[in-house]
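First comes the structure, then the notes that go with it.
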2 protein chains.
Amino acid sequence: MTTSEHTEHVAGGDHQSATGATAAVAGWDALAADGSVVHIRPVRADDEQALDELNHRVSDRTIYLRFFALSRSAADQHTRHLTTADPLDGHVALVAEVDGEVVGVASYEPMRTDEAEMAFLVDDAVHGRGIGTLLLEQLAAVARERGIRHLHADTLAENGPMLRVFMDSGFTEVHRLDSGLVELSMDTAYAARTLDRMAERERAAEERSLKPLLAPHSVAVIGAGREAGGIGHEVLMNLVDGEFTGHLFAVNPHADRIGEIPAYPSIADVPGPVDLAVIAVPSVAVPAVVEACGLAGVSGAVILTSGFSELGADGRQVQRDLLKLARRHSLRLIGPNCLGIVNTAPEIRLDATFANVRPLPGSLALAAQSGAVGIAVLDHASRAGLGISEFVSLGNKVDVSGNDLLLHWWNEPRTDVIGLYLESFGNPRKFGRLARLVGRTKPVLVVKGGRSSGGRRAGASHTAAAATPDTAVDALFAQSGVLRMETLEELVDAARVLSGRPLPRGSRLAIVGNAGGAGVLAADAASALDIEVPEFSAVTAAELTDDTGAVGAGNPVDLGAAATPATLEHAVRVILNSGEADAVLVTYAATRAGDVGETYAAIARAAADSTIPVVVTCLGAPNAEPQVVLGDGSALPVFPFPETAVRALGHAMRYSEWRTRP
Amino acid sequence: MTTSEHTEHVAGGDHQSATGATAAVAGWDALAADGSVVHIRPVRADDEQALDELNHRVSDRTIYLRFFALSRSAADQHTRHLTTADPLDGHVALVAEVDGEVVGVASYEPMRTDEAEMAFLVDDAVHGRGIGTLLLEQLAAVARERGIRHLHADTLAENGPMLRVFMDSGFTEVHRLDSGLVELSMDTAYAARTLDRMAERERAAEERSLKPLLAPHSVAVIGAGREAGGIGHEVLMNLVDGEFTGHLFAVNPHADRIGEIPAYPSIADVPGPVDLAVIAVPSVAVPAVVEACGLAGVSGAVILTSGFSELGADGRQVQRDLLKLARRHSLRLIGPNCLGIVNTAPEIRLDATFANVRPLPGSLALAAQSGAVGIAVLDHASRAGLGISEFVSLGNKVDVSGNDLLLHWWNEPRTDVIGLYLESFGNPRKFGRLARLVGRTKPVLVVKGGRSSGGRRAGASHTAAAATPDTAVDALFAQSGVLRMETLEELVDAARVLSGRPLPRGSRLAIVGNAGGAGVLAADAASALDIEVPEFSAVTAAELTDDTGAVGAGNPVDLGAAATPATLEHAVRVILNSGEADAVLVTYAATRAGDVGETYAAIARAAADSTIPVVVTCLGAPNAEPQVVLGDGSALPVFPFPETAVRALGHAMRYSEWRTRP
């Protein structure tokens, strides 16, 4: 989680650790609202120049709002004071840095023993990113540590941004004075308590990693019956069939073995440590089983059983109690009311689900707040040859959430792409910040269910999901670079293009193949998505026509029905070498007069060293493979329809464009 | 083609037969612009009452524009004149009827030997449907027959609709007079010539039916080589493998047999009559082969060879010459530059394509102006279990067009749904009228390629398609009830819902299943398409909750993970019996804890007598069948994603709504 040597940890700005302030550290890292990392630290004597620059960089209005006068000299004087004052005076100043540049400063001056007056200045260039909020929270935490019980500030009533910072913090008293000033005051005890609680949750989440859950050395299935068709039995069979590499136990008071797996009357009787318990007992028995797991030192549990918050208020209470129970034992929970979890890593091979689908190993990490949706995606991915790194069915999300998994997958080396199906957000702001951060290295694809009233009605009963208005979701996604997928199919298709192959560096699409009509439809689909299908230069067009006998060399390039694997290979090479495209779609119509295998081989040769994405649509070959495997083991996705291929490429272009934005 | 006992034929209004006027017939049927059938016939004495009613039904303004005065008595006088005048005076009056009601009248009075003055009156209620145009065309044809060379009319300059009728007819001289009158005159020779030419084409198209092409008793493949991989060879193999029921010949000057099929040096040498020739010789040899086919009495030819109009001006000329050649011998042509044709009727079993895909027999008729698109659709249809009645790869459309096939499939008994992939319209107006007429009994689904500039560029090279602006296409489709499909996948999906099962009679969708998340996504997809997902009545909700243990009974109905085939069957029955839904989507998530076969059987039992459509989405069952087969042999489509299922249902709802509009 460490992003540089002088940081402690990265956390949501509203969860910034206050305890860090007591440690002799160089500062704290936090996420700004736009996902950039903000470093907050005490002011140093050598900050004078940077603060002077800040004073002279900010707008007249910002100076006026800070000093109640348009006076850069007052600002400079204040800088002198901040950087030279004796810390024993009780004065505290913190600066905020982004990319090593000082962009804000917050300070307080003691007024009485336990009260102080505070002030802020934030660079106009970074307004709106919540940096004022981060400074305020940190300052309050430091003040609390130092015995300051109340922080006061006077600000102009017209200083909307600063007022918003205080309001957002949620622990501030505000008095509007007739003079046009607003007097703000804050109970640092309350502030610190809030921060403490948030930080606690955050730290706990970090400390209690998801590793034992997703990469266990031993698994016990509690409630594994002898009969096929029972959920516990079937999970055990999936673990066996999936060749789980660790120790496997069943818990069943009425059996010695389930199949080949030894069974024990209770989790307490299982010999040796258990990392993960999969719980498939009736709902009334779940609390006792969770308690027993805690006592037995189990690290994590996946509760498959349904009948909790999705049933209403009673169920919600039972679920809250479950969480308390688990917390007491540092037991992390997935579910309840879920399908299970998967980790395809060869050294683990965990399939702890009761799904019919065995995912292929690969690089898409998937979390789904619906088991049905999870298996729909796993199924489509398998058919398309797209592998999964890890899968988590979130169920009612009593503990482990989409946000936890985002954090987990951020640094998970086998994961290239993260796919989420969500019906609700426990903490939308945190989701946005995390997604933005994670998105810098791995694309985050989300299908959000419950956009309509009918969908929300269904969601409420189904996983007890609380509604977030769809417009808010759109704004959240747009801010955080999340790729919103309209359908499950689109999620898998986009993941196929984004997995293990280069990203497009622009939006110019070249279309080439023997399938004229497919080229037409691909170009139409591209146009609808604002993807360019530019005409080639005269040189490239001539090369295409002369050497391949193309019927149309404009782009789309139609090599005609007479195209051979050799002409197709040559045409793809010409396009890749031209530098005139950011992505290539090969449209191939298979007939009895051609050979799919040879055509795939030709495409693989041409695309071997490509630094731009190449995707394929293969029409009319019922038994064709869903991917063209290259020499290096990576694969080009093959789509059944040109429109689907273009839509998936469009997402890759959108992601690439977002990621290269400053 | 006959729609009632007093009609001769139905044709596009602008193609109305003039020759019909000489026959002693009761009238002529024509299509109005909105697709309704207009019957035009000479006025009869017993029309007096109907014409009086018309005079009194039309608006004051219509009376004013017709008689240049607001005078119903003038109108009544005129009616008396029309119905009683001696035909020997040279006076002619025609009436237009829609659904047996007189809605318009057109007449002329001779002025000199070869000149006459004409006048029109059309019911306000049918203005804008081109009925004036139809009357004018017919009147001109009759006038021409009777030696009238010029027809004149004076009309008020403010009579926009009537002026438009004359302008639209395209053979009228117009003089604007200062008096506010416009003097119109028409050369009936020119008018009749135009009509003659159009009628000739129309009649020819009707007489030279597509039957020998699509249901041949004997087929010769000309240019069938000995080597696998050649197009001619592969078509022959498809005909053999597909078990064509008629006689099969190869034409190859260098072989006695191709596989088991006897080969002859030329078509002239083939013993016995040949209905269909499939031509796969090099393009330079095609004209001679077509000529030879004509001389040998072949009825139709499918030209697979490419290298014609798609190559530019020279190719277009060769193609035009081919058509002339074929016309001379009454030989109908499909292609050139096409993939071939299919007829799955068990008594025919014609697969005259070189595609890798063998279509299943069924009720979707498909025409595609791109072979690649054709095989993409055939492939997807086969995977989805959707059968095809007939398939035609149109290629460059030198003769047989989408319009011809619309006419053909209108009365083709095995065809329930018509699917078209078009890149251009030879005659958009005619397409609109035909589609509207055909759409009353069979849905017409169209993917239109070439919406974007890139797509049009590709289309121009590919099948030499001329561009129609996309906005015009949208308007054309909307008018004519054509269901525009965004993608090929959507076409197949919609056809699956529209084939062989009841239509929805409204837009209320019920969603039920064990897959909560799928219900959420289905409801969201419905909402985006303006499909209602109404909450059930208290009675129905109670029945669902009490008898099935549904977790959520609101709609979507979530039966929970514990649902059995029996509870699902019961829930579907409750919904079907409630009368509260116009269509049902069953969302089923398959796991190891359930049984797909039993679930399908339960759905089949529940849906057996349903009078509304029931569709299914089955998630997570890699080997599940793509349809639930009912006792009567019909089948419910099973979709891999809830969104896809809802979109397809949406098209069925849209079609049903359009079809029930008056």
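The values are calculated or read from the model by the stated rules, or taken from the named source; none is laboratory data. Since the model is a prediction, treat every value here as computed from it, not as a measurement. All Cβ positions, even for glycine, are placed from backbone atoms using ideal geometry, and neighbour counts span all protein chains on display. To get the accessible areas, we keep the full protein, side chains included, count just its heavy atoms, and leave off ligands, DNA and RNA. Shrake-Rupley method; radii C 1.70, N 1.55, O 1.52, S 1.80 Å.
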Meets criteria (in contact with a Phe, Trp or Tyr (Cβ under 8 Å, 6 or more places away or on another chain) and under 30 Å from A:Val444 (Cα atoms)) for A:Leu488 | yes
Considering every residue within region B:318-325, establish whether at least one is of a type in the set (A, V, I, L, M, F, W, C), out of contact with any Lys or Arg (no Cβ under 8 Å at 6 or more places or on another chain), open to solvent by 30 Å² or more (accessible area, probe 1.4 Å) and more than 28 Å from B:Gly229 (Cα to Cα).
-> yes
Out of A:Leu576, A:Leu636, which single residue is farther than 29 Å from B:Met237 by Cβ, open to solvent by 10 Å² or more (accessible area, probe 1.4 Å), modelled with pLDDT of 95 or more and aliphatic (A, V, I, L, M)?
-> A:Leu576
If you scan region A:532-546, which residues turn out to be exposed (fewer than 13 other Cβ atoms within 10 Å of the Cβ) and assigned to a loop (DSSP other than H, G, I, E, B)?
-> A:Ser537
Output the number of residues of region B:323-337 satisfying the condition of being part of a helix (DSSP H, G or I) and over 27 Å from the mean Cα position of the chain (by Cα).
-> 2
Please verify whether region B:513-521 includes one or more residues that are buried (at least 24 other Cβ atoms within 10 Å of the Cβ) and either of a type in the set (S, T, N, Q) or in the same structural domain as B:Arg440 (by TED's automatic domain parsing) (or both).
-> yes
Pick from B:Thr79, B:Thr133: which is open to solvent by 10 Å² or more (accessible area, probe 1.4 Å) and among the β-branched types (Val, Ile, Thr)?
-> B:Thr133
Kindly list the number of the only condition in (1) β-branched (Val, Ile, Thr); (2) within 27 Å of the chain's Cα centre (by Cα); (3) away from every other protein chain (no Cβ under 14 Å) that fails for B:Thr353.
-> (3)
Answer yes if at least one residue in region B:38-50 is within 29 Å of B:Phe477 (Cβ to Cβ), at pLDDT below 85, of a type outside the set (Phe, Trp, Tyr) and in contact with a helix residue (DSSP H, G or I) (Cβ under 9 Å, 6 or more places away or on another chain), and no otherwise.
-> yes
Starting from residues that are hydrophobic (A, V, I, L, M, F, W, C) and under 19 Å from B:Ala157 (Cα atoms), keep the ones in region B:51-76 and report whichever is least open to solvent (accessible area, probe 1.4 Å).
-> B:Ile63
Selected residue (only one of B:Leu386, B:Leu406 is at pLDDT 95 or above, closer than 26 Å to B:Ser634 by Cβ and of a type in the set (A, V, I, L, M, F, W, C)) | B:Leu386
Within region B:443-475, the residues that are more than 13 Å from chain A (Cβ to nearest Cβ), modelled with pLDDT of 75 or more and open to solvent by 20 Å² or more (accessible area, probe 1.4 Å) are B:Thr471, B:Ala472, B:Asp474, B:Ala475
Considering only residues of region A:357-388 that are part of a loop (DSSP other than H, G, I, E, B) and touching a helix residue (DSSP H, G or I) at 6+ places or on another chain (Cβ under 7 Å), which is farthest from the other protein chains (Cβ to nearest Cβ)?
-> A:Leu386
Could you please let me know if B:Leu378 is at pLDDT 95 or above and either in contact with a strand residue (DSSP E or B) (Cβ under 6 Å, 6 or more places away or on another chain) or of a type in the set (S, T, N, Q) (or both)?
-> no
In this structure, does A:Gly307 turn out to be buried (at least 17 other Cβ atoms within 10 Å of the Cβ), assigned by TED's automatic domain parsing to the domain that holds A:Arg456, small (Gly, Ala, Ser) and in a helix (DSSP H, G or I)?
-> no
Failed condition for A:Gly500, given (1) at positive phi; (2) within 14 Å of chain B (Cβ to nearest Cβ) = (2)
Considering residues of region A:579-601 that are surrounded by 24 or more Cβ atoms within 10 Å (Cβ to Cβ) and among the aliphatic types (A, V, I, L, M) only, the residue nearest to the other protein chains (Cβ to nearest Cβ) = A:Ala589
Evaluate the following for B:Leu88: is it modelled with pLDDT under 70, assigned by TED's automatic domain parsing to the domain that holds B:Gly128 and exposed (fewer than 14 other Cβ atoms within 10 Å of the Cβ)?
-> yes
Output yes when any residue across region B:415-422 is touching a residue at least 12 places away in the same chain (Cβ under 8 Å), aromatic (Phe, Trp, Tyr), surrounded by 24 or more Cβ atoms within 10 Å (Cβ to Cβ) and within 11 Å of chain A (Cβ to nearest Cβ), and no when none is.
-> yes
Does region A:602-623 include one or more residues that are within 24 Å of the chain's Cα centre (by Cα), surrounded by fewer than 19 Cβ atoms within 10 Å (Cβ to Cβ) and not hydrophobic (A, V, I, L, M, F, W, C)?
-> no
Residue pairs meeting the criteria (Cβ under 8 Å; at least 6 apart or on separate chains; first away from chain A (no Cβ under 14 Å) and hydroxyl-bearing (Ser, Thr, Tyr), in region B:630-642; second open to solvent by less than 60 Å² (accessible area, probe 1.4 Å) and assigned to a loop (DSSP other than H, G, I, E, B)) = B:Ser634/B:Gly500; B:Ser634/B:Arg501
Condition test on A:Phe431, is it assigned by TED's automatic domain parsing to the domain that holds A:Ile348, within 26 Å of A:Gly454 (Cα to Cα) and open to solvent by 20 Å² or more (accessible area, probe 1.4 Å)?
-> no
Scan region B:101-132 for residues that are of a type outside the set (Asp, Glu), free of Cβ contacts under 8 Å to residues at least 40 places away in the same chain and part of a loop (DSSP other than H, G, I, E, B) and report the count.
-> 2
Residue count for region B:481-512, restricted to those that are under 30 Å from B:Asn427 (Cα atoms), surrounded by fewer than 24 Cβ atoms within 10 Å (Cβ to Cβ) and among the small types (Gly, Ala, Ser) = 2
